[in-house]
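> Below is the structure I would like to discuss, written out as structure tokens.
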Amino acid sequence: MPLANEIRDLRQRTMDDLARAHDHFSDSMYAWEIVQTTISRGFKFVRKNPATGTTIGERDLIGHSQNFGIQLLAESTFQNFISIFENFLFDFLRLWLKTYPQSLTKKSVNFQAILDAADRNEIILAVVNKELNEVMYERPASWFAYLEERARLGCPDIQAIERIAEAKASRDVLVHNRGVVGHAYIVKSGSQSRHVPGERIDIPEPYHREVWDLLRKVVADVCDSATLKLLAS
Amino acid sequence: MIDQMTQKPFEVRFSEGTAGFVRLPVAQLNEVCRVLDEKGFRYWVSESQYSMNGGPEWTSIQFSHSVDPRAVQSALDRAN
């Protein structure tokens, strides 16, 4: 399949994934609102979780709604947004490098990998994957510098890159530091920092939405710029 | 301050480790936000608004983890 078509499919798949993630957030918020309203109108119950043995009633569920309904749901879907975007960016780079592997000519290949490969494409893919695994461990600014170095798309702009870096840093705080901001967040988030060390990180709904909008815009900009470039060449 | 939908005082909900939030009728959003602004609380209004069976719309306000929910409750209790 031509690269332009593969990029179009990747763009659509990523947009669909982001939409599904946000729909899950929105629908779940609504479901929790219905639960709260139903209970406030007198609905009573007792339920036991057969796995944990935990028994809860309607008042407990009201308490859970504030945990799961607002905070945990926002945090988990926010993490999902970032994961979807990371997958997009590295899938894009993988497609690009597979099509233009000349930029990797100085990379060495283990002879065993050549013996194991079914064909030339499999060797190229192995080199590309090894290269991207190394890039993946860099910071977002390096990801985008790498993208620009390889594809010369002229996007995203520096402000978008800084905002994505902050969002990724917020995600890292949630995943690796139980939500408590540390020095690493301050360094990673730079001028876009929203907190000081020691604070519990906030993922308020407007921020959650802004990051979602930003990621969609960057996906669209990168794919559209690449497609235009491919069509012009 | 009384919630016009429930006819009860506003309740700032929170539990250990979570930020506070309050549900409120959309019709009272401005007056509640005025109280919160006067006290300098850091908060965000949800962009979602809900209604059931054609009743009045409600929404929610989420507070930063840095805001003590008890202080918000106290401010709303004292407001007219």
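The values are calculated or read from the model by the stated rules, or taken from the named source; none is laboratory data. All of these numbers come straight from a predicted model, not from anything done at the bench. So basically every Cβ, Gly included, is an ideal-geometry build from the backbone, and we count neighbours across all protein chains shown. Calculation scope for accessible area: heavy atoms of the full protein, side chains included, ligands and nucleic acids excluded. Shrake-Rupley method; radii C 1.70, N 1.55, O 1.52, S 1.80 Å.
> Compute the accessible area per residue over the stretch A:30-144, keeping the other protein chains in place, probe 1.4 Å, unit Å².
Working: 6660 Å² over 115 residues.
Here the residues of the stretch A:30-144 average 58 Å² of exposed surface.
> Once phi is turned into ³J(HN,Hα) by the Karplus curve 6.51 cos²θ - 1.76 cosθ + 1.60 with θ = phi - 60°, what whole-Hz value does each residue of the stretch A:31-45 show in order, with x for glycine and proline?
4, 5, 5, 5, 4, 4, 5, 4, 5, 5, 8, x, 5, 10, 6
> If I stretch the segment between A:Ala118 and A:Tyr30 completely, what's the gain in nm (0.36 nm per residue apart, minus their alpha carbon distance), one decimal?
Working: separation 88, 0.36 × 88 = 31.68 nm, distance 5.11 nm.
Length gained, A:Ala118 through A:Tyr30: 26.6 nm.
> Counting Lys and Arg as +1 and Asp and Glu as -1, what is the net charge of the other residues whose Cβ lies under 10 Å from the Cβ of A:Ser170? Could you put the intermediate results ahead of the total?
Details: positive: A:Lys168, A:Arg171, A:Lys188, A:Arg194; negative: A:Glu75, A:Glu166, A:Asp172, A:Asp202.
Once all neighbours under 10 Å are counted, the net charge is 0.
> Quick one: helix A:158-176 against the long Cα principal axis of chain A, what's the angle to the nearest 10°, folded into 0 to 90?
In chain A, helix A:158-176 runs at an angle near 60 degrees to the longest axis.
> Pop a pseudo-label 7 angstrom from the Cα along the beta-carbon direction at both A:Tyr100 and A:His176 and give the gap in nm to one decimal.
The two pseudo-label positions are separated by 3.1 nm.
> At a Cα cut-off below 19 Å, give the lysines reachable from A:Lys107, other chains included and same-chain residues fewer than 8 away excluded.
A:Lys98, A:Lys130
> Once both labels are modelled 7 Å past Cα along the beta-carbon direction, what's the B:Ser74-A:Ser40 spacing in nm?
2.5 nm
> Next up: Pop a pseudo-label 7 angstrom from the Cα along the beta-carbon direction at both A:Ser193 and A:Leu3 and give the gap in nm to one decimal.
Taking the two extended label points, one gets 3.9 nm.
> So which GluC sites (Glu not before Pro) in the stretch B:27-80 end up in coil per DSSP with only 16 or fewer other C-beta atoms within 10 Å? Working shown, then result.
Working: sites: B:Glu31, B:Glu38, B:Glu47, B:Glu57; in loops: B:Glu47, B:Glu57.
For GluC sites (Glu not before Pro) across the stretch B:27-80 that sit outside H, G, I, E and B with at most 16 neighbouring Cβ atoms in 10 Å, the list reads B:Glu47, B:Glu57.
> Excluding A:Glu138 itself, what net charge comes from residues whose Cβ is under 13 Å from its Cβ, given Lys and Arg +1 and Asp and Glu -1?
On the way: positive: A:Arg139, A:Lys168, A:Lys188; negative: A:Glu86, A:Glu131, A:Glu134, A:Glu149.
Net charge in that neighbourhood comes out at -1.
> Need the full-extension length gain, A:Met136 to A:Ile158, defined as separation in residues times 0.36 nm minus the C-alpha distance. One decimal, nm.
On the way: separation 22, 0.36 × 22 = 7.92 nm, distance 1.91 nm.
Going from the current span to full extension adds 6.0 nm.
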